[in-house]
Structures are given as C-alpha cells and as structure tokens.
C-alpha cells in the first residue's frame, strides 16, 4: 500500500503508475538510444570485444585474421589510476567559531569515513570513475540502510548502472541537479526483487508488466538481446517484472511559527525549589555580613577611630546596599521562572502537519497567533512502481537528489561523452591495419602458382602437394607452374599502425611517463617532476573542473542525509593505519550523548549532530596520486634548511626498518644528552675543586700569618709556658682545618675520576 504524501495533490495509485511510466517513456527517447549505443560500444571496446559478429563473419569469409590489438584498455587503466589513487576526502568548516560547530564538524568527518568504509566506498568510487571514463557517466547513490546497526540505520554509498538511470531530457546541469525527475528503471526477476524488498513481497507477487523500450543489444553480437535470465533458488526460471524508482523535486509548503513551551509541573516545582534554596542561602550570607559590619563599626567607635553617629550612618548605608542586592537577586530569580513559564520555541513543519496540529485545541492554545510564516522548500519525492502496482510514495527531507551522476564530458544534457568514444575510430583503424599486414604476410609466405589450364596431370594432387617441401608435380607440355609474386604492401599501413598507437594516447591525454615508460635516469628530479606535471594537465583539468565539484556535491548531500538520519545517540569507531606504520590507529567517536536532569529526563544532547551548523568541502585533489619521490625530495629540502629535524624527515620517507632506525636514533640522542649532562657535572666539579684548592691555599696563608703574629708577640706573653701552650693550640686547630680541606679536595678529585670513567664507557657504547 502506498504511503500518503503531505502537501501534494492526491491522485489514485493507478493513475500515478501511468504517469510515471509516461515520464519514463518520454526520457527513453531516440537521443538516449544513440547515447546508450555508444555506452555499450565503449564498454565492448574496453573489454576487447571490438569486432561485431557480422564483422567477424565477413573477415572469415575473406580469409582475413580476426584478432584485435587493444590500445584502449591500458590507457584507460592509467587514467583510472590517477583518479582513484587515493581515498576522496572532505573537510568541515564550523559556522560557529566559538567551537561547538567546529567540534561537531570533526565528528562529521569521522562519521563520513565510517559510512564510507561501511559501504566499501573506495571500490564503489573506482567503479564510478570507470563508468564515467568508459560509459560516459558514473552514478553514485546515497541512501539509508534501515537494517544496518541492528535496525538503527546507517547512511551508505551505492552505485547505479548508468544505463538504468533515466534523467529529465531538459536537464542542463552537469550533475543533473536541475532535473525535474530521475528514474531508475530495469527489468528484474520477481523473486530477486522480493528478496530485496521483502516488505512489498505481496504486491510484487501480484504485479505484472515489464519496462517497455529496454531492448539493449550487445555491440559485439548484434543478434543477442540483453540477458534477462533470472533463476529462482529452486532452479526454475524467474518471472521478469518491470521495476521503477522515481525521484522528483517538489515544492512543499512549510510554516514557521512560535509555540509556547512551558515547563512541566515537575520541572516547575524543581525550579521553584532550587530558586528558594538559592535565595535562603543568599539571605543567610547577607545576615552574616551585617553582623560583621556591626562588630567592625563597634570596635572602631570603641577605639576612637570614628564617632557613633558616623558609624550608624555607614552601617545603615551598607545594610541598604545588601538588601538591594537581595531584592535584585529575588527579581532575577522571579524573572527566570517567568521566562521559563512563558518560554516560546520556533518550530517549522509542513503545511499539512500544521493543519493537523491546530485541530488539537490544547496544542492550538500554545501557538502564538500571528507568528505564522509560510514559505516553500524543495524536497525529493520518492515513488516505487513494480509492473502495474504502486509501492510507495514518500517525501524525503532532502533538498538535493541523493543520486549524483558524474559525467566525463558534459554536453549540456543528460547524455555525456565518454573518453572511449574519442578513440574507437582510431582503434578500428589500428585493428584494420594490423589485420591487413598479417593477411599480407600470410599471402606472401604462400602466394600461389600460375599454371596453364590442362597442363597439370592431377590438379587435386597438385593443389595438395604444391606447398610441401620436395614435392613432385606432374605437368603436360612446356609450361610448368610458376610461383605467383605478390605485390608489395604499401608502407602507409605500417605508418598508420605506429601513428595510431600515439594518437590514442594523445587523444586521452596520456603521456609516456604516465604509461610507465622508462625515464632517463640522469635527468634532474625537478625536470622529471615538471614533465609529470605537464603530462597530466589534461587529466588534472577533468579532476579540477568535474571530479572535485562532484565530490563537493557528494559531501553536501551526505551531510544533509546524515544529519537527518543520525538523530539518536551513536558511538562509532574508525580504524586507520598510516603508511609505513605497522600499528593501526583506533579511535572512538560519540554524537548525541543524552543529558539528563535530576529526575532522569533527557533535557539536551552533548555534540548535538542534527543542530550543528557547518559547511562541507572536498579536499582538493585528494584522490590524485602523491609522488613518493617528490614528497621525499621536498622533505629533504626542509631538513637541509633546518625547518624539520632528522626524525621528522625519517617519518616522512619510506625506508626499510624505519621504526628500528628511529628507535636507535632516539637511544643515541638520549645517550648524547646524558653525556652532555655528565660533562656539565664534571665541569662543575672541576670548578668546585679549584675553589677548594684556593680555599686551602688561603687557609695556609692565614695560618702562616697567625704564626708570624704570634712570634712577634712572644715578648708580650708573661711566661714561656703560656706562649708554648697557645702555639700548640693554634697549630692543632690549623692542622685540623688544613686536613679537612685537603680531604675534601681529595674526595672531589676521586669523584671527578669516577665520572670521567663512566662518561668514557657510555661514549664507547
């Protein structure tokens, strides 16, 4: 049963089925037939099916060779390499520079990587690039897999066969963004479709009718029609049914209005309770401050610092200020409660949803009259048809098509030109020239014989034996058979063969360097880098003018779909490994983490993904291959200029046992640092030792001076005994000081020797 759409004219399912089939037939026009023929021809030439069945029959009838010399496929593979060498990347720019949007933007980048890896996006992207080059158009689809993540749903990337997409013929946009409709149509087995859409199994089972006008013929076999052999799991032939997915842009009326959103009774009671507690605490604080002021002014009066009248005035003034603060806080609390009670929220709903809301008297009373603003927005309408039955009708909440075509050369309509189309004629010329050259060589090796009629004894035997070495041929008369000399082949065939090879590479913009031809080793790096740059300019033009804008559109659509999908709490994990690093990097991200109040109700979200405002842009040329040689040369220049250290340079290059080398360098650096530290300690110890030596010398000088003074005062001492006693005491004390100084110096000297020995051992290690 079809789902109802809101805001659109209601029509019967049968009528809508007829309308969709009519739209499909209008898009399946003669211009598209020509485009589809070239698509199939390009695919055949890439697969080396370059001769039709009739051409092969004609060549065999003429005894000509039927081989081909495929020059297209190698060139196409080179083009695909340059456009798929790396994973496409996007970056986010938060609109709120305060930080929230930027933080969620980082989470979005990680989420896009998660969805990309979940969809095997790299493989899908390479297939789309292949389709664009070979078939003229690749088609990406972004969709929501509702069965993923245990029913929570995930956004995924998918691929659509280019020949199954039918686009509004009036579309002129390079990515068909202006198309009024896009239809994915194909003939498919009923059982296969029921397995893909089990929710519509009953409708599919009772449906009938095929997609008329889809009679694709294989280019190489003009008698074969598109294979529709779908086999059931039982081994029986499955019934074929026509299947349509119709996407169209519709204008949906929306209404923005203000709605009163007062708190619940529980929230209001909690709010009032918290407010009263805050006011009581503030009141207690004021009372304490008043008592402190009273005590302060009393002490000042008692000490005579202030007269009682002044104290009374100042105390009253301070009390009034504190009471004013209390009243201000009380008014603020009351205002906050009033604001919460009268709080309004801006809401936006479709006109149909708004009409349903106002029918409820309770809800209608909360809507502020006169705040309504009506406007229109583009939305994508999705409809499903199988045979003669209507499956679904859904308005998706997206502004842009989730189907994004990538053309090779846009022609102003949905029928672009492939790269192969430019070189199919040249490839046919190469094949023809090679066939003629080989055919001429075959004829030259056995050109045939001239003979007079009736001269051969046995014509049948002569025909069988004439090419055998040493054979005998009987003839009658004087005219023996003579060999027939073939005419010389025109050199133009050889020249065309050689020229054709270069013409294909030139037409596709493929240089010899891109094809992997051997380079001149004595050429400087900058010269070869410039040659690479010049040699890839045509392909870079396609990358910059078409692929990069297409990736930008993909990122924009993914953001729109992801923000509408991931509204609940989600934890996702990204595993990535850096080139040259055996360890994988594991990161975990979290969005929409709920915030609970005291009663366990969700009142908000951390990292609210849906409400974040940020822009998504592609990382320019992120898919383009990065020359390892160029990167290492640039990093070496940075190292030479001192912009980076040796470890940073090693991290940026590919070298065997890089991790071991970096570890050993770290160990050497640590040892050098330790040695430098020891040298500094030795230097300091040497200085301390010199200081001690100077102190010892000064002590000796002081001792000699004291002894000289004592000698001069000898006559002053009353007795010889007293003089001797004083001398012995001073000498004993001086010896003690001197010995202590010498002991300390010797100790420092030994410490220095130990440190020198340790440093030398570390240096040797």
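The values are calculated or read from the model by the stated rules, or taken from the named source; none is laboratory data. Only a predicted model underlies this, so the values are computations on that prediction, with no experimental measurement involved. All Cβ positions, even for glycine, are placed from backbone atoms using ideal geometry, and neighbour counts span all protein chains on display.
With respect to the conditions (1) farther than 30 Å from residue 370 by Cα; (2) assigned to a helix (DSSP H, G or I), residue 305 falls short on a single one, namely (2). Residue-level check: of (1) in the same structural domain as residue 563 (by TED's automatic domain parsing); (2) modelled with pLDDT under 90, residue 5 misses just (1). In the set (1) closer than 30 Å to residue 551 by Cβ; (2) surrounded by 16 or more Cβ atoms within 10 Å (Cβ to Cβ); (3) touching a helix residue (DSSP H, G or I) at 6+ places or on another chain (Cβ under 8 Å), residue 93 fails one condition alone, (2). The single condition from (1) in contact with a helix residue (DSSP H, G or I) (Cβ under 6 Å, 6 or more places away or on another chain); (2) loosely packed, with under 14 Cβ neighbours inside 10 Å that residue 15 fails is (1). For the stretch 318-329, the count of residues that are closer than 30 Å to residue 374 by Cβ and either part of a strand (DSSP E or B) or in contact (Cβ under 8 Å) with a residue 12 or more places away in the chain (or both) is zero.
Taking the criterion of being under 32 Å from the mean Cα position of the chain (by Cα), farther than 27 Å from residue 496 by Cβ and touching a residue at least 60 places away in the same chain (Cβ under 8 Å), would at least one residue in the stretch 67-76 satisfy it? Looking through the stretch 67-76, none of the residues is under 32 Å from the mean Cα position of the chain (by Cα), farther than 27 Å from residue 496 by Cβ and touching a residue at least 60 places away in the same chain (Cβ under 8 Å).
Selection of the stretch 41-71 for residues being in a helix (DSSP H, G or I) and at pLDDT 90 or above yields 41, 42, 43, 44, 45, 46.
Within the set 132, 179, the sole residue that is within 22 Å of residue 419 (Cα to Cα) and at pLDDT 95 or above turns out to be 132. Every listed requirement among (1) at pLDDT 70 or above; (2) touching a helix residue (DSSP H, G or I) at 6+ places or on another chain (Cβ under 8 Å) is met by residue 493 save one, (1). Of all residues in the stretch 351-387, those being assigned by TED's automatic domain parsing to the domain that holds residue 19 and touching a helix residue (DSSP H, G or I) at 6+ places or on another chain (Cβ under 6 Å) number 2.
Residues are listed down the side, and each one gets a yes or a no for (1) touching a strand residue (DSSP E or B) at 6+ places or on another chain (Cβ under 7 Å); (2) more than 27 Å from residue 504 (Cβ to Cβ):
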position: 34; (1), (2): no, no
position: 52; (1), (2): no, no
position: 61; (1), (2): no, yes
position: 70; (1), (2): no, no
position: 92; (1), (2): yes, yes
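Checked against the criterion of being at pLDDT below 90 and touching a helix residue (DSSP H, G or I) at 6+ places or on another chain (Cβ under 8 Å), the stretch 28-38 has no qualifying residue.
Yes/no matrix, rows are residues, columns are (1) touching a strand residue (DSSP E or B) at 6+ places or on another chain (Cβ under 8 Å); (2) part of a loop (DSSP other than H, G, I, E, B); (3) loosely packed, with under 14 Cβ neighbours inside 10 Å:
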| site | (1), (2), (3) |
| --- | --- |
| 138 | yes, no, no |
| 143 | yes, no, no |
| 156 | yes, no, no |
| 163 | no, no, no |
| 171 | no, yes, no |
| 182 | yes, no, no |
| 187 | yes, no, no |
| 202 | no, no, yes |
| 208 | yes, yes, yes |
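Of all the residues in the stretch 231-280, those that are touching a helix residue (DSSP H, G or I) at 6+ places or on another chain (Cβ under 9 Å), part of a strand (DSSP E or B) and under 30 Å from residue 181 (Cα atoms) number 11. Whenever a residue of the stretch 549-578 is over 18 Å from residue 144 (Cβ atoms), its partners that are part of a helix (DSSP H, G or I), lying with C-beta atoms within less than 7 angstrom and at least six residues away or across chains, give the pairs 574/110; 574/113; 574/114.
For the stretch 335-346, give me each residue that is touching a residue at least 24 places away in the same chain (Cβ under 8 Å) and in a helix (DSSP H, G or I).
Answer for the stretch 335-346, where residues must be touching a residue at least 24 places away in the same chain (Cβ under 8 Å) and in a helix (DSSP H, G or I): 336, 337, 340, 341.
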